[in-house]
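Notes to accompany the following structure.
The values are calculated or read from the model by the stated rules, or taken from the named source; none is laboratory data. Nothing here was measured: the structure is a model prediction, and the numbers come from that model. Ideal geometry is used to build each Cβ from the backbone, glycine not excepted, and the neighbour counts take in all protein chains shown.
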Amino acid sequence: MKKIIAGILVLGTLSSCSLGDDTPTGNNNNNIYDTNIVGVWKIQTEYQISGSDKATVIHENVPDDCKKKGTYEFRNDGKYYMNDYNTVSSVCQKTESTLPYFYDSTQMKLTINNNNAEVLDLSTGKLIILTPANYDYNGDNTNDYIKTVFYK
């Protein structure tokens, strides 16, 4: 269950969502609407990554049939549309959200509704982000990260 919650946190922390705020932060000089990030993405794999070195894989999570239904769309207007699916008590449940986003290509930083992620790779068909998990998965007293690999 903690993996599911961490996955949702990766994509925009719904509990702090402000659906009325349609204004993206930043300015157009930093490629807010980078053409590579614009489009509909799907999760390929999620990894729990050690916070001590940001490299060691603690656990790999391949999406189940329910999670594979999810889509994560970045549009030219600075809006991020999330249709996230998670299995909860053997039932596939959908969560929808529309949030503002900003992508700073010079710093390789993606911000969705004031939640930051480091962009490790971005091309026309692949997006890899690293997000703080705010949880210690491996018990080393250091909060770990979630690395999410998306594809178009």
Hey, could you check the stretch 136-150 for residues that are in contact with a strand residue (DSSP E or B) (Cβ under 9 Å, 6 or more places away or on another chain) and either farther than 13 Å from residue 46 by Cβ or at pLDDT below 95 (or both) and say which is surrounded by the fewest Cβ atoms within 10 Å (Cβ to Cβ)?
-> 143
Condition check for residue 131: exposed (fewer than 14 other Cβ atoms within 10 Å of the Cβ) and among the hydroxyl-bearing types (Ser, Thr, Tyr) = no
Filter result for residue 106 (polar (S, T, N, Q), at negative phi and surrounded by 13 or more Cβ atoms within 10 Å (Cβ to Cβ)) | no
For the stretch 79-87, does any single residue satisfy the condition of being modelled with pLDDT under 95 and either under 18 Å from residue 147 (Cβ atoms) or surrounded by fewer than 17 Cβ atoms within 10 Å (Cβ to Cβ) (or both)?
-> no
Qualifying strands (runs of 3 or more DSSP E) (wholly inside the stretch 47-152; at least 1 residues being more than 13 Å from residue 37 (Cα to Cα) and more than 16 Å from the chain's Cα centre (by Cα)) = 57-61, 79-88, 91-104
What number of residues within the stretch 30-46 satisfy the criterion of being outside any strand (DSSP E or B) and at negative phi?
-> 8
Any chance the stretch 119-134 includes a residue that's touching a helix residue (DSSP H, G or I) at 6+ places or on another chain (Cβ under 6 Å) and among the β-branched types (Val, Ile, Thr)?
-> yes
Would it be correct to say that residue 22 is surrounded by fewer than 13 Cβ atoms within 10 Å (Cβ to Cβ), touching a strand residue (DSSP E or B) at 6+ places or on another chain (Cβ under 8 Å) and at pLDDT below 95?
-> yes
Pairs, first touching a residue at least 60 places away in the same chain (Cβ under 8 Å) and more than 14 Å from residue 64 (Cβ to Cβ) in the stretch 85-96, second among the hydroxyl-bearing types (Ser, Thr, Tyr) and surrounded by 10 or more Cβ atoms within 10 Å (Cβ to Cβ), C-beta under 8 Å, six or more apart | 95/85
